[in-house]
Each structure stands twice: as C-alpha cells, then as structure tokens.
Amino acid sequence: MCIGIPGRIIKIDGRMATVDVGGAMRNIALDLIEDASPGDYIIAHAGFAIHKVDEEEAIKTLNMIREITGSVEDYDAAF
Amino acid sequence: MKHVDEYRDSALARVLVDGIRQVADRPFKFMEVCGSHTVAIFKSGIRDLLPRNISLISGPGCPVCVTSVEDIDKAAAIAGMDGVVLATFGDMVRVPGSRVSLQKAKADGADVRVVYSPFDALKLAQSDPSRKVVFLAAGFETTSPAVAATLGRAIEAGVKNFLLLSVHKTIPGAMRALLDTPELGLDGFICPGHVSTIIGTAPYRFIADEYRRAAVVSGFEPLDILQSTLMLIEQIREGRPSVEIQYRRAVSEEGNPVARGVLGRYFEASDANWRGIGVIPGSGLKLKTEYAAYDAERVLDIKIGESRETRGCICGMVLKGIKNPPECRLFGKACTPETPVGACMVSFEGSCAAYYKYGAR
Ligand code: SF4
C-alpha cells in the first residue's frame, strides 16, 4: 500500500499539479513538498506528492551499479 | 530518464547476482519489511536468482494486513450508523472482522465507499453536508502525512462533517519488536523505501547501534533490491552495521521534514494493536485532543462486541517472519485471495497473497 509512483509535473495550479504518471494524467496535491516546478519528477502516493525525485542521485546510483558490474559507460551519456 | 525501466536491466541484474554469489560465504537472512518489496521480489523472480544461502523473508509491512480485527469491527459499526458514509482505501473493505468485512457490511446496506486518496473522501463530505463522512485512515508513515494534509484542508475550508478513524501505524517500533523475537535470527533489514522518504534514516539507527544488525533503505526495482542485498552482506562481512540508503533518488538522510511537520500538527504517537502481533507501544498515531471534533472515536458512539481473531489463521507468525504462508493449514484451501480468511491474504501486498499468486513455496 506504500506504493509510490514516479510521475512528471506538467502543470501547477495553486497547491494542485497535473502529473503525468506513466502516461495517465492525475491531479496530485503538493502540500507535502516544497519548490516543485513543471518538469520535475515526483513520487506520487495516495493523491499527494511525497518527494521530488533527485535526478543527480538517480544517475549516481545507476553509475554505481555499472561500476560494480564492471561496465565503464557513463550513465549520464545515455540520456 | 523515467526512473523505472533503467532499474530493470536483466544483464546488469545477472552481474549483481554474481557479485552477491561471490561474497555470500555463509547463510544470510534478511527481512524485507515492506509489502511492496515482497511483491517486487516475487514478480522479478529475485528469490530464485539468489544463491540458496540467502533468504529473504517477508515482514509486517502491509498496512492492510496489520489492521486489527477490533479496528475493522469499529469501522463496520460506524458504516452501519444512520447518516454516515464510511470511506477507505480499496483493500481495506475485504479485511475480515470478527463478524463481517466492510464489503459484507456494504452488501447488507451500509454506505461504504472506496477511494483512491483521502482527498476523495473530503470531496464526498463537501458534496453532501447532511451526512458525516468517516475516513478509515490506514497506512504507515508514507500515507499518514497525506491524511494529515487532507484534514488540514478540511479545517481550512470549514468542513464539519469529515471525520477520521485513525488506525495509522509507524514502522520502526515494529522492527524493534521483530529484533526482540529471538527465533527470527535476522542479519538485517531491507528498509521500506517510501516510509523512509518521509522519516529519513535516524529512526532506524537503533538497528545498527543497539542490535548490531545491517539496514539498507531500498528502492523497488530489481536492480535496487539486488544492490541493497549486496550492501547488506558487505556491512556484515566488514563488521560495520549501519543504516545506508540505496534508494537515494527518493530518500535522503533527513527524510521529508515538510511532511513530518504537517503530520505532527494533527497527530501524536499512541499505542497500536497490530493484527496477529499485539500491542506495540508508541507505534500508532491518534489525532491530538485539539482536533477531537474530527476524531470518529471521540465524536461517534461506537459500540462493538468482543472481537475475536480468525481461527486457524497464523498471520501473526507470517507477519513476524517466523512461518511461511504455505505452512498454514488454510493456505490455498479455505483461504485464497477470492475468499481470504486472514488479512495477509487480502491485499496483493500481503505475504500470503504474494505467495499464492506467484506459486512460491
Ligand atoms: S493463508 Fe490465510 S489463514 Fe493462513 S495465515 Fe495466511 S491469511 Fe491467515
């Protein structure tokens, strides 16, 4: 039940945002996060954004996995 | 980047499994506390990929499964009152109470509505001010701030007919109870990702400091879980139990202070009764006295008879990781996802339901 789904903010109107969650547009409340802007990825849960996805950390994690697995390709370059 | 597919690369997964195989020089037993992890582990077949000496066991992290019989009885009693609508999340309506589930209560004429967000319950209240809308608020730290924020909006909008029946629970206390269960013999925890989004890492520190066990906050994709498993093994092998974050894209050390602020404005810690486990001190959330006017337990006269647990169900031991679902006599026979006897078979994130669906032994 704690499923949180990453989605991208398309539009913000006051404390509500239109968020593209895997292709479906959802109304998501922004009461629990600060400084959200269109284009940001957020984790949505029960109609609320609970976190902004940290792009930099996401890339670092993938690079770390690549390092463990011995692949030298930098993940950054792939996107 | 979509933050999903990147973590499902099967070639990388195989290399991570090889890495785990190389360092796993003795048996290791880890618990994934969160039901979403359990489902992800079964779905991706990680249990079969891992070497045999690594066991991942499912924990109590499905809010639906740990809702006590008594709390369901209370909700059913409320749903049967005149002029009251009971709203809750989908799976909650199927949890068996002493006599009926909410679904059964609905079939018998009670007004029970399933909502996707607490917000939808507030909208119901606003659309029909003549009736009280009671939201049965279940969920861990991931969910309770959303409920608190919804209450905040109700107060702001002057809505008077929106009430909460809070059965919220908090995770760290349950983890301590598990560590105090000697027969379990855990080496460490795969800590719940989205609970940690809110609470950060500090509440887990006792796991490493007092119990000298490993802890890694993990994401939910296959590569996340494999990397977390590797990190857990390394913590133990190197004799440095600590709390690490693998799921950095969604979790920071400090968590989400804004969400905790909203939560703390309306709720305070209380004891909570976990289904099959019992009362864990300080592991629940109740509305503060200032907000008694929104608390269903204080506003409504709820009468229930004596609650009784379902006979033959060993959910309690399953939730504690002491027994696997197939060890229950009722598993797959009297108890299936269509006709759940115990709460662990209700939600698709429940251990019994996950074992049943993925045919695991
Ligand atoms: S199989 Fe059903 S009855 Fe048995 S422990 Fe699981 S939920 Fe309870």
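The values are calculated or read from the model by the stated rules, or taken from the named source; none is laboratory data. What you see is a predicted model, and the numbers here were worked out from it, not measured in a lab. Heads up, the Cβs are rebuilt from the backbone with ideal geometry, glycines too, and the neighbour counts pull from every protein chain shown. These area figures cover heavy atoms from the full protein model, side chains too; ligands, DNA and RNA do not enter into them. Shrake-Rupley method; radii C 1.70, N 1.55, O 1.52, S 1.80 Å.
Just to check your reading of the model, which residue among B:Phe267, B:Phe220 is at the interface with chain A (Cβ under 9 Å from one of its Cβ atoms), of a type in the set (Phe, Trp, Tyr) and closer than 25 Å to A:Glu34 by Cα?
Among B:Phe267, B:Phe220, only B:Phe220 is at the interface with chain A (Cβ under 9 Å from one of its Cβ atoms), of a type in the set (Phe, Trp, Tyr) and closer than 25 Å to A:Glu34 by Cα.
Across segment B:310-323, what is the number of residues that are within 7 Å of the ligand (Cβ to nearest atom), open to solvent by less than 20 Å² (accessible area, probe 1.4 Å) and either without any contact (Cβ under 8 Å) to a residue 40 or more places away in the chain or under 25 Å from B:Ala77 (Cα atoms) (or both)?
Counting residues in segment B:310-323 that are within 7 Å of the ligand (Cβ to nearest atom), open to solvent by less than 20 Å² (accessible area, probe 1.4 Å) and either without any contact (Cβ under 8 Å) to a residue 40 or more places away in the chain or under 25 Å from B:Ala77 (Cα atoms) (or both) gives 1.
Only one of (1) over 17 Å from A:His45 (Cβ atoms); (2) assigned to a helix (DSSP H, G or I) is not met by B:Ser196, so which one is it?
Of everything listed in (1) over 17 Å from A:His45 (Cβ atoms); (2) assigned to a helix (DSSP H, G or I), B:Ser196 misses just condition (1).
Under 7 Å between Cβ atoms, at least 6 apart or on separate chains: pull out the pairs that start in segment B:41-66 with a residue that is away from every other protein chain (no Cβ under 13 Å) and within 13 Å of B:Ala353 (Cα to Cα) and end on any residue that is modelled with pLDDT under 85 and surrounded by fewer than 20 Cβ atoms within 10 Å (Cβ to Cβ).
B:Phe42/B:Ala360
Just one of (1) modelled with pLDDT of 85 or more; (2) of a type in the set (Ser, Thr, Tyr); (3) within 10 Å of the ligand (Cβ to nearest atom) trips up B:Tyr294, so point out which.
Condition not satisfied by B:Tyr294: (3).
Assess whether B:Ser283 counts as being more than 14 Å from every other protein chain (Cβ to nearest Cβ), crowded, with 21+ Cβ neighbours inside 10 Å and away from the ligand (no atom under 16 Å from the Cβ).
Yes; evaluated as a whole, the condition is true for this residue.
Quick grid of which residues meet (1) more than 19 Å from B:Thr142 (Cα to Cα); (2) open to solvent by 30 Å² or more (accessible area, probe 1.4 Å); (3) free of Cβ contacts under 8 Å to residues at least 40 places away in the same chain:
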{"residue": "B:Asp271", "(1), (2), (3)": "no, yes, yes"}
{"residue": "B:Ile304", "(1), (2), (3)": "yes, yes, no"}
{"residue": "B:Arg308", "(1), (2), (3)": "yes, yes, no"}
{"residue": "B:Pro325", "(1), (2), (3)": "yes, no, yes"}
{"residue": "B:Glu338", "(1), (2), (3)": "yes, yes, yes"}
{"residue": "B:Phe348", "(1), (2), (3)": "no, yes, no"}
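If we scan segment B:328-344, do we find a residue that is touching a Lys or Arg at 6+ places or on another chain (Cβ under 9 Å), within 14 Å of chain A (Cβ to nearest Cβ) and near the ligand (Cβ under 8 Å from one of its atoms)?
The answer is yes; a qualifying residue exists.
For the subset of segment B:136-171 comprising residues that are out of contact with any strand residue (DSSP E or B) (no Cβ under 8 Å at 6 or more places or on another chain) and away from chain A (no Cβ under 11 Å), which member is farthest from B:Ala259 (Cα to Cα)?
The extreme case among them is B:Lys160.
Does any residue of segment B:183-190 turn out to be within 11 Å of another protein chain (Cβ to nearest Cβ) and touching a Phe, Trp or Tyr at 6+ places or on another chain (Cβ under 7 Å)?
Scanning segment B:183-190, I find no residue that is within 11 Å of another protein chain (Cβ to nearest Cβ) and touching a Phe, Trp or Tyr at 6+ places or on another chain (Cβ under 7 Å), so the answer is no.
Any idea which residue in segment B:41-83 is most open to solvent (accessible area, probe 1.4 Å), counting only those that are among the basic types (Lys, Arg) and at pLDDT 90 or above?
B:Arg52
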